[in-house]
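In what follows, a single structure is set out as structure tokens and then discussed.
The values are calculated or read from the model by the stated rules, or taken from the named source; none is laboratory data. No experiment lies behind these values; they were computed from the predicted model shown. Counting neighbours? That spans all protein chains shown, and the Cβs are built from the backbone with ideal geometry, glycine included. Just the protein is used for accessible areas: all its heavy atoms, side chains included, with ligands, DNA and RNA removed. Shrake-Rupley method; radii C 1.70, N 1.55, O 1.52, S 1.80 Å.
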Amino acid sequence: MRFILGFLAAITFSISMSPTMASAGQVTDFRLDNGMQVVVVEDHRAPVVVHMVWYKAGAADEPAGRSGIAHFLEHLLFKATTNMEAGEFSDVVAANGGSDNAFTSQDYTAYFQRIAADRLGLMMQMESDRMRNLLLSEGDIATERDVILEERSQRTDSEPGALLREQMTAALYLNHPYGVPVIGWRHEMETLSRADALAFYQRFYAPDNAILIVAGDVLPDDVRALAQQYYGPLAPTGNLPERLRPSEPPQLAERRLIYRDARVSQPYVKRSYLAPERDSGNQTTAAALAYLARILGGNSATSVLGQALQFERQIAVYSRAGYSATSLDDDTFSLIVVPSQDVSLTEAEEAMDEVIAKFMQDGIDLEQFERIKMQIRASEIYALDDVGDLAERYGRALTSGLTIADVQAWPQVLQAVTPEDVMQAAQMIFDRNKAVTGWLMQESTEETQ
């Protein structure tokens, strides 16, 4: 391919394949003159590298009425540039034995390739090209708009649980854009235009709004040289606005909703509470909430909800608690109970609340707490085995207001959590005025809240 030939002709050096062995996860960071942050995570156990570019722009940064544009643009970035034909990017990656993809969240959009370490320069050449040189035709817009609408049909509109989650999230956030789904509202997705895509692209896709993360068998000096060669010449946007989103007003009333759908095969009850995210320099509350989620609804056989509802009383076939820690703004803490056959949602919800009330009264089983602490410690160690996971950890954190120091401190913060921290966090979270309770039901069910 012409892009490969151009790269091979231009390359002046290769990434060293015989570096001094360094521990997995050793991190170096620097900035290019155009404002682009570069993070290098060394792991020399295999001659592989993960190259990721994270843009500090996601669904929550979209202009009002243009929901889905961040995810739409993610699709469009695989179209033509001034130097590549549509689809050529992924073809080149595959021809070099690698894989690539992209993903969008509320707070970021990320593009990545996993490939042999000596192909890193080629990845930078292509990724820097589409950062600034995207070409979009009206045909591209029409084709990919149909693709994202079909994606919504398959992943959201055809899934009653996804529709309930979407409605609950919209009800939970009274004012904040997290209430708008990442995929977008269908009626707004249908109107997304070339002008919308280019406006979002030109505003946010710039080196001074991007973080380059390279993890794997690389040396920082070599990454710096390549980054300066390929990303360094790109002009910054400059004067990027601060990421200030509308904040939530005081939430004074509990919200409840029922979603009925003929396709529902298994009804369930779910509750979502507003919960603080990890804050830079102060991650203790988030760490305590991570413990709370595991204690209440981690392993079904050992968690508080699982033992009480699934094994002792046998009124549930599934129970879970979850917490999203890494986001730019307040996220959610959720509970879900799937009742056993012939158990109503009323009974399931009442039982869930009884278990939570008893937990708040009795406190934490210290043996369970120590077991979970050991499990968390082990999971943090095992995470070092996956270079892609390491890169994602830094990318999610840095695009969500955290720092490298915060990421590195997180395992220690988790290990420093006490039972008192967890109970204090639970006391703060379990406020029904800051929660939405949803029931997923079959259309024919007569039960009401």
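The table that follows gives values for the structure above.
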| quantity | calculated |
| --- | --- |
| Selection of trypsin sites (Lys or Arg not before Pro), segment 245-287, meeting DSSP coil and at most 12 other Cβ within 10 Å | Arg263 |
| Carbon + sulfur, % of accessible area of segment 120-204 - ligands and nucleic acids excluded, 1.4 Å | 48 percent |
| Furthest towards positive pole of dipole, Ala308, Pro233, Tyr108, structure part the chain, Cβ charges | Pro233 |
| At R0 = 25 Å, FRET efficiency that the Cβ-Cβ distance of Ala235 and Ser193 yields, to 0.05 | 0.45 |
| Difference of contour (0.36 nm per residue) and Cα-Cα distance, Leu384 to Ser280 | 35.2 nm |
| Estimated FRET transfer efficiency when R0 is 60 angstrom, pair Ser265-Thr82 (beta carbons, to 0.05) | 0.75 |
| Other-chain or far-sequence residues with amide H under 5 Å of Thr81's (modelled H) | Leu135 |
| Where Val317, Val417 fall by accessible area, highest first, once all protein chains stay in place (1.4 Å) | Val317, Val417 |
| Loop GluC sites (Glu not before Pro), segment 359-447 (other Cβ atoms within 10 Å of the site Cβ: 16 or fewer; DSSP) | Glu443, Glu446, Glu447 |
| Cα centre as origin, Lys/Arg/Asp/Glu Cβ charges: segment 280-379 dipole, Debye | 500 debye |
| Within the chain: Cβ-based charge dipole about Cα centre, in debye rounded to nearest 20 (Lys, Arg +1; Asp, Glu -1) | 400 debye |
| Dipole of the chain, positive direction: furthest Cα of Val53, Asn34, Gln427, with charges on the beta-carbon | Asn34 |
| Nearest 10 degrees, 0 to 90: helix 220-230 Cα axis against the chain principal axis | 70 degrees |
| Å² per residue, accessible surface of segment 188-240 at 1.4 Å | 38 Å² |
| Modelled FRET efficiency - R0 51 Å, Glu150 with Asp362, Cβ distances, 0.05 increments | 0.55 |
| Segment 297-310 - phi-based ³J(HN,Hα) in whole Hz, Karplus 6.51/-1.76/1.60, Gly and Pro as x | x, x, 6, 4, 6, 10, 6, 4, 5, x, 4, 6, 8, 8 |
| Alpha-carbon Rg with Dmax, taken over segment 144-202, Å | 12.7, 36 |
| Of Gly161, Gly65, Gly401, the one that fluctuates the most in a GNM where the chain has Cα springs shorter than 10 Å | Gly65 |
| Dipole magnitude (debye, nearest 20) for segment 31-138, charges at Cβ of Lys, Arg, Asp, Glu | 120 debye |
| Gaussian network model of the chain, Cα within-10 Å springs - most flexible of Arg371, Arg66, Arg320 | Arg371 |
| Gain upon complete extension [Ala94, Asp342; 0.36 nm per residue less C-alpha separation] | 84.1 nm |
| On Cα atoms only, tilt of 160-172 relative to the major axis of the chain in degrees | 90 degrees |
| Segment Ala301-Arg377, length gained on full extension (0.36 nm per residue, minus Cα span) | 25.4 nm |
| Residue (of Ile213, Tyr201, Thr156) at the positive-pole extreme of segment 151-284, dipole from beta-carbon charges | Thr156 |
| The chain - mean residue ellipticity at 222 nm from DSSP helices (-39,500 (n - 2.57) per run, n ≥ 4, rounded to 500) | -12000 deg cm²/dmol |
| GNM flexibility winner over the chain from Phe200, Phe430, Phe30 (Cα, springs under 10 Å) | Phe30 |
| Around Ala117: net Lys/Arg minus Asp/Glu count, Cβ-Cβ under 13 Å | -2 |
